[in-house]
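Written out below as structure tokens is the structure these notes cover.
The values are calculated or read from the model by the stated rules, or taken from the named source; none is laboratory data. Treat the numbers as computed from the prediction; the structure is a model and nothing was measured. Cβ coordinates were reconstructed from backbone atoms using ideal geometry, including for glycine residues, and neighbour counts include every protein chain displayed.
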Amino acid sequence: MNRILGAKVAIVTPKPQTTRDRIAGIHTEERGQIIFLDSPGIHKPHKALNAAMVRTARRIAAEADVAVHLIDDRDVKKSGEDAMVSELLSSLSVPRLLVVNKADRMGMTAAQAKKDEMSREGIYAESFIVSATKGTGVQAFVSALFDMLPEGPAFYPEEDLTDLPMRFIAQEVIREKLFMELEEELPYSIAAQIQEYKEEPDKNLIRIQAEIIVERESQKGIVIGKKGCVLKKIGTASRLELEKETGCRVYLELFVKVEKEWSKNEKMLRRLGYEFA
């Protein structure tokens, strides 16, 4: 989606389940306007947080005019998640597309083999091999979407790239840096929440205060690091990216707070903006 939009709207990390919310990307050109809805991945939920993520993914799939199954060279068969995805896709009445990404890393032979293997399931109207990093195959995929999508009025002004406020994007940027800096399972026990987002146009300045929420005191120590070195590194990386995205100077303050077992607590998750039926 970021490649198609020519801008970073969704955060990206090598870790699975990075996306936790509905992320909208708006692509407008002469042929029309496409609204992309990036969803959390389908997986077996083991916490209230994961259940909320899967619920969001299923809701997005049910609302879409075209469903796109994006895969890469990772093997999800061992976890059983491929069966969950197939079950969801088979239940949809809209066209379903398969996109094999990271062809630059896999090599075209391996990507073609993956495409052929998945296409045998018979649930995809079309399939594509792309490289989001290099841009290979992306335009063919976008053209197919324009051919399939129903005609209608544009929902957003042509200059818009997302319907998300910068406050939310700032929160996601901080979370991305946490995912990239922290190893193993720790990022899955961490959330970020913006406490204050204040624009001062006369100073070309944005002031941001954010909380990093962890589940245990030991995690708090890891996030802060010796003499605050880890938190400082995360803050610097976040600030630099936000300055690039906004074109303004950013003053960013980060605080670390312990909320015991927050990822299993529906009340806490609602405070963080997650929905439950």
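Observations on the structure shown:
- In the stretch 250-273, the qualifying residues are those that are assigned to a strand (DSSP E or B) and of a type outside the set (F, W, Y), and the one that is farthest from I212 (Cα to Cα) is V250.
- Members of the stretch 20-40 that are surrounded by 16 or more Cβ atoms within 10 Å (Cβ to Cβ) and of a type outside the set (A, V, I, L, M): R20, D21, R22, G25, H27, T28, Q33, F36, D38, S39, P40
- Taking the listed residues G221, G235, the one that is part of a helix (DSSP H, G or I) and surrounded by fewer than 18 Cβ atoms within 10 Å (Cβ to Cβ) is G221, with no other qualifying.
- Search result, residues across the stretch 66-107 that are in a loop (DSSP other than H, G, I, E, B), more than 20 Å from the chain's Cα centre (by Cα) and either not β-branched (V, I, T) or not assigned by TED's automatic domain parsing to the domain that holds V142 (or both): G80, S91, L92, S93, P95, G107
- Applying the condition of being among the charged types (D, E, K, R) and under 23 Å from L161 (Cα atoms) to the stretch 208-253 and asking which residue is modelled with the lowest pLDDT yields E245.
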